Structure formats: C-alpha cells, structure tokens
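Notes to accompany the following structure.
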Amino acid sequence: MKVILASPRGFCAGVNMAIESLDLALQAFGAPVYVYHEIVHNKYVVTTFKEKGAIFIDDLSEAPEGSTLLFSAHGVSPEIRQVARDRKLFAIDATCPLVTKVHLEAIRFAKQQYTIFLIGHEGHDEVIGTMGEAPEAIILVESAEDVPNLQIADDSKLAYLTQTTLSVDDANRIIGALKERFPQIIGPPKEDICYATQNRQEAVRLLAKEADLVLVLGSQNSSNSQRLKELARESGTPGYLLDGAADLKPEWFEGVSTVLVTAGASAPEEVVQECLDYLVEHHGAEITPHSIREEQVHFQLPRELREALPKA
C-alpha cells in the first residue's frame, strides 16, 4: 500500500499557541487550571490535559473565585469576560488572533450601524463568541439556502463575516448568494477563513484525486476536520474522520492501494504517527510525504502569561 502523507496538516499556529499557553499555565500556577470550553476540539488533546490537571468547564460558576482560568482558542463573548472579572478569576486569553480579528471586525461594523451576516455553524464556540460582540446586529447564516429567507428591516448597510474554520468552497457559495441578493453588501478587508484551514483544504483538494481512500485525523466536533472529510468525498474519494488508529475499520481498505493521510488543525502529530504505524504494520505501507506549501506562522503567548512568567 502507498500512503501519501499530506502537508501542511495538523496543528496550526493558533492551536500551538493555545496548547503551549495551557502547558505553561499548569507549570507556572499549578493544577487545577480551569479552561472555558475545550482548549481545542480534539479528544486526545483534552484527555491529555485532564490528566495534567486541567479542568474543562462550560459555566464559569464551576471555577472557584480567584482561580486560574484560560479562554480557549475559539474566543469568548464580552459577557463571559465580564463574568470572569466579577468572579476575580485570573483569566489567560488564548484566543487565536485570527478569531480576534473577526471579533474586531464585528465590533467595527456594528459601531457603523451595519447589519452583519455571520457565516458559520450554529452552536460552534467561535460563532457564539463572535455573535456575543454585537448580538443585536448579527444574523447567523449557515447555508446558501438560508439567504432567500433572510428578513431585515434596512438593507442599505449590510456586511458579512465568516467563521475561520469553514470550507472555503461552502463559504464562497454563501457569500455569492448574499452578493446576488444584496449587491451592496461589503465584507472584511481580508477574508476571515484562516490560512491553515485553507492550506489543509487545498492539500486534500489536490491530493485526494491520487488516492483510493482519505483518512483525516481529528475529532467529530472539529469543524475544520469535518470539512476535510467532506472535501475528500466531494472529490469522489471515500473519506473518514477518526480520532486515532483505534477507529480504523478493516473494510475501509478493501481494494485500496493508495491512502491519503492528513489531519485537522486541532489534531496532534502523535495520532497521525499512530495511524501511520498501523498502516505500516497491517498493510506494509510505504509512506511518501507530499507538501503543497510551507507554513511559518507563529503567534506569541497571551499577554497575561508573558507578564507572569519569569523573563528569560
């Protein structure tokens, strides 16, 4: 069996920053460190941090007053920040800077009296945080089919923003539908979908045609990982999303001679290697790395950590 190992894959700069922040917070302040929602949407990462003393919560009332709290990479609303202050929590903001950019765009458009269409998935942590910046001004749009049914009182000032982890193709379809119905609509100066999401999608789009099967390492609640699986299937190649080698099913490999392996932006390299080891052991796989682009993006640690840690 031939295995094409896609690159870029796995952790993006935002995930690296968030994970390093939680690691350092545990070292500097000791366990427990409370984390509002999952640090990233990955089962392996969350389980690993639980074993180190992180406690993941969905309500800030679960964090004792004065304790250490970390906001996940997905961002939070102003309301949550205020609750953290009221409870005198030492809050470390590990929001991905690309998500922060969308928040700032939402604030700017709302101040200018725009109605904002946020393209994204209802209930996703990132969407909840962004909508919290200007709930009275933002309308969620999940699909192009939603666009004809949008009801707005004044269509003279309209803008759109997108969740950072969407499928580029899906987002473009929805943006196209919005522009067709509302030609006057404006978007952000620079598109919101993150560089890592785009690069991983591009790799699957280019390489899936060469494979009989696509394996995407990532968790079911990871939006960007789900998009990679969907993209493989749209290209005509069977694709599956799995947390690790334990999820592999023998029937997937019947008649398969070439497998493409990639990973979502919140999936660690350990689970990729575990999957590759399985393919080598059980199928005699020969692994060929294929890089479509180099990534050299790095985000600095949150200010709260930089100020609290000893200077090198």
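Data table
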{"quantity": "Prolate/oblate/rounded label for region 61-166 (Cα gyration tensor, a/c 1.5)", "calculated": "prolate"}
{"quantity": "Relative contact order of the chain, defined on C-alpha pairs under 8 angstrom at six or more residues apart (%)", "calculated": "26 percent"}
{"quantity": "Nitroxide proxy distance, nm - points 7 Å out along Cα→Cβ at N221 and Q151", "calculated": "3.3 nm"}
{"quantity": "The chain - charge dipole about Cα centre, Lys and Arg +1 at Cβ, Asp and Glu -1, debye rounded to 20", "calculated": "820 debye"}
{"quantity": "The chain: most fluctuating residue of A246, A267, A177 per GNM, C-alpha cutoff 10 Å", "calculated": "A246"}
{"quantity": "Angstrom value of the Kirkwood radius, inverse mean 1/r, which spans all Cα pairs in region 30-72", "calculated": "10.3 Å"}
{"quantity": "Amide proton proximity set for F56, modelled H, under 5 Å, gap of 5+", "calculated": "V35"}
{"quantity": "Region 202-279: C-alpha gyration tensor shape, a/c 1.5 cut-off, then a/b vs b/c", "calculated": "oblate"}
{"quantity": "Cα-Cα over 31 Å, subset of K43/K249; K88/K190; K101/K157", "calculated": "K88/K190"}
{"quantity": "Region 98-181, relative contact order in percent, only Cα pairs under 8 angstrom and at least six apart counted", "calculated": "38 percent"}
{"quantity": "For the chain, radius of gyration divided by Kirkwood radius, i.e. Rg to Rh on alpha-carbons", "calculated": "1.00"}
{"quantity": "Pairwise label distance in nanometres, I292 with E136, each label 7 Å out on the Cα-Cβ vector", "calculated": "4.4 nm"}
{"quantity": "Chymotrypsin sites (Phe, Trp or Tyr not before Pro) within region 73-157: DSSP coil, no more than 13 neighbouring Cβ in 10 Å", "calculated": "none"}
{"quantity": "Efficiency of FRET from Cβ geometry, D58 and D277, R₀ 41 Å, rounded to 0.05", "calculated": "0.75"}
{"quantity": "Spacing of the two label points (7 Å from each Cα toward its C-beta) at E251 and E270, in nm", "calculated": "3.1 nm"}
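Read the figures in this text as sums done on the coordinates, not as results from a lab. Given the structure is predicted, the values throughout are model-derived calculations rather than measurements. Don't worry about glycine lacking a Cβ; one is built from the backbone with ideal geometry, like all the others, and counts go over all protein chains shown.
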